[in-house]
Amino acid sequence: MRRYAADISSLAEEFQQRFRDFAAIEKEILFFFFSPFSVDPDDAPDHLQLELIELQCDAECRSRHQQLPLVNFDCQLDKGRVQEIRTFAKKMLSLFGSTYLCEKTFSVMNINKNRVRTRLSDSHLRDILHIKTTVFEPDLAYLLQSRSQYHPSH
């Protein structure tokens, strides 16, 4: 029972630390997830306020924002004009993207390590993690065709 209590206590502390980390950047997170046209510039991080005001005053940008999905809208923004906002968006995306990748990697590692624990070496595990965390679609038709050329009896 004590072994589990220590593990649970460790997990609880880890969760509390993650929430403290998010609380420290709450203002930035809220800015990132709302429309740039619905955010009060005073609530935005200081280094983004001037660009945000300029963006909100641009009627053409406001119109495009209403017509396009957010990703397409962001791609059409003048890179030189809203450089701080673009840099900030990339930072926020990388924050959540890297957290997701870490969680995905840990999950894949646990599933594979538990399933074939005794047969996995470090190099096998590294290869599995590389495959599972890479966006890659193998050309199965080509692989099967090349295999059948080398092994005609199969």
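The values are calculated or read from the model by the stated rules, or taken from the named source; none is laboratory data. The structure displayed is predicted, hence computed values, not measured ones. Using ideal geometry, Cβ is built from the backbone for each residue, glycine included, and neighbour counts are taken over all protein chains shown. Each accessible area value is taken on the protein alone, full model and side chains, heavy atoms only, with ligands, DNA and RNA left out. Shrake-Rupley method; radii C 1.70, N 1.55, O 1.52, S 1.80 Å.
Take SER63 and tell me if it is loosely packed, with under 12 Cβ neighbours inside 10 Å, more than 30 Å from THR134 (Cβ to Cβ) and among the small types (Gly, Ala, Ser). Against the criterion (loosely packed, with under 12 Cβ neighbours inside 10 Å, more than 30 Å from THR134 (Cβ to Cβ) and among the small types (Gly, Ala, Ser)), SER63 qualifies. Residues in region 66-78 that are hydrophobic (A, V, I, L, M, F, W, C) and either open to solvent by 80 Å² or more (accessible area, probe 1.4 Å) or under 21 Å from GLU26 (Cβ atoms) (or both): LEU70, VAL71, CYS75. The residues on offer are PHE22, PHE88, and the sole one that is surrounded by 10 or more Cβ atoms within 10 Å (Cβ to Cβ), among the aromatic types (Phe, Trp, Tyr) and at pLDDT 75 or above is PHE88.
When region 16-38 is filtered for residues that are within 23 Å of the chain's Cα centre (by Cα), under 23 Å from CYS75 (Cα atoms) and not aromatic (Phe, Trp, Tyr), the ones remaining, listed by number, are GLU28, ILE29, LEU30, SER35, PRO36. Checked against the criterion of being assigned to a helix (DSSP H, G or I), in contact with a Ser or Thr (Cβ under 8 Å, 6 or more places away or on another chain) and modelled with pLDDT under 75, the candidates LYS104, LYS113 yield just one match: LYS104. Within this structure, ALA44 passes the test of being within 23 Å of SER94 (Cα to Cα), among the aliphatic types (A, V, I, L, M), surrounded by 15 or more Cβ atoms within 10 Å (Cβ to Cβ) and within 25 Å of the chain's Cα centre (by Cα). Of all residue pairs spaced 6 or more apart or on separate chains, those with beta-carbon atoms under 6 Å, a first member in region 75-94 that is under 13 Å from LEU52 (Cα atoms) and a second member that is open to solvent by 70 Å² or more (accessible area, probe 1.4 Å) and not small (Gly, Ala, Ser) are GLU84/HIS47.
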